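The structure under discussion appears below in the form of structure tokens.
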């Protein structure tokens, strides 16, 4: 079955470390997205990519970085510059406006 | 610029009674509208979508929503709540962002639905 796979499901990070969250899709979708979810704040867009080798900052890109070397993959790195990284991170993909987005099952990142 | 307002952060209903989750939006163009459901520690699942066809949209699990342009609303309803409906629900608008040069999603802040046995 086609879908989006996020890994790991849970991730613990020490202060000052960079960590990378994986997102892979086999839906042949062109666009991919990373969202951060905090309680009571809904979803906030971190980065998005419409095509391979191109990506744009979302509303809260500071402290994060991404790459899009393959259509199927859109990893997110949470750098040490992100001051409050503890959150639930969701990856999504889409073929177009009318289709809606398909979401992965999320990665919960905790700073210890 | 587009925006989405979910009018209730928390709704509580008894099992077997109707569900109404309210959503208002603003948009400059012709938006697509979606409702997603999220169970704890899970991703978001698409319930239904409006894309300028029929204004009454039927989705999965007995949910439906009506697009009312004059009221800029897209409320989600279900005739009879089930315990498994307890989750968080997000209203989402997708519209053209001229500044970004692409379609962008805007999420409401979510409505947590509790179902009382």
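Residue by residue, here is whether (1) under 12 Å from the mean Cα position of the chain (by Cα); (2) within 14 Å of another protein chain (Cβ to nearest Cβ); (3) surrounded by fewer than 16 Cβ atoms within 10 Å (Cβ to Cβ) holds:
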residue	(1), (2), (3)
B:42	no, yes, no
B:62	no, no, yes
B:82	no, no, yes
B:93	yes, yes, no
Residue hits (the range B:19-32; surrounded by 16 or more Cβ atoms within 10 Å (Cβ to Cβ) and facing another protein chain (nearest Cβ under 10 Å)) are B:31, B:32
Residue A:110 vs (1) surrounded by 14 or more Cβ atoms within 10 Å (Cβ to Cβ); (2) touching a strand residue (DSSP E or B) at 6+ places or on another chain (Cβ under 8 Å): all pass except (1)
By my count, strands (runs of 3 or more DSSP E) wholly in the range A:6-58 with at least 3 residues that are under 29 Å from residue B:112 (Cα atoms) are A:10-13, A:19-25, A:31-37, A:43-51
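Okay, residues lined up against (1) farther than 30 Å from residue A:87 by Cα; (2) away from chain A (no Cβ under 11 Å); (3) at pLDDT below 95; (4) crowded, with 21+ Cβ neighbours inside 10 Å:
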| residue | (1), (2), (3), (4) |
| --- | --- |
| B:12 | no, yes, no, no |
| B:17 | yes, yes, no, no |
| B:46 | no, no, yes, no |
| B:49 | no, no, yes, no |
| B:54 | yes, yes, yes, no |
| B:69 | yes, yes, yes, no |
| B:101 | no, no, yes, no |
Quick count over the range A:84-106, residues being part of a strand (DSSP E or B) and more than 10 Å from chain B (Cβ to nearest Cβ), is 3
Exactly one of A:54, A:30 is within 14 Å of chain B (Cβ to nearest Cβ) and without any contact (Cβ under 8 Å) to a residue 60 or more places away in the chain, and that one is A:54
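The values are calculated or read from the model by the stated rules, or taken from the named source; none is laboratory data. The model shown is predicted, which means the values in this text are computed figures rather than measured ones. With ideal geometry, Cβ positions are generated from the backbone for all residues, glycine too; neighbour counts draw on all protein chains shown.
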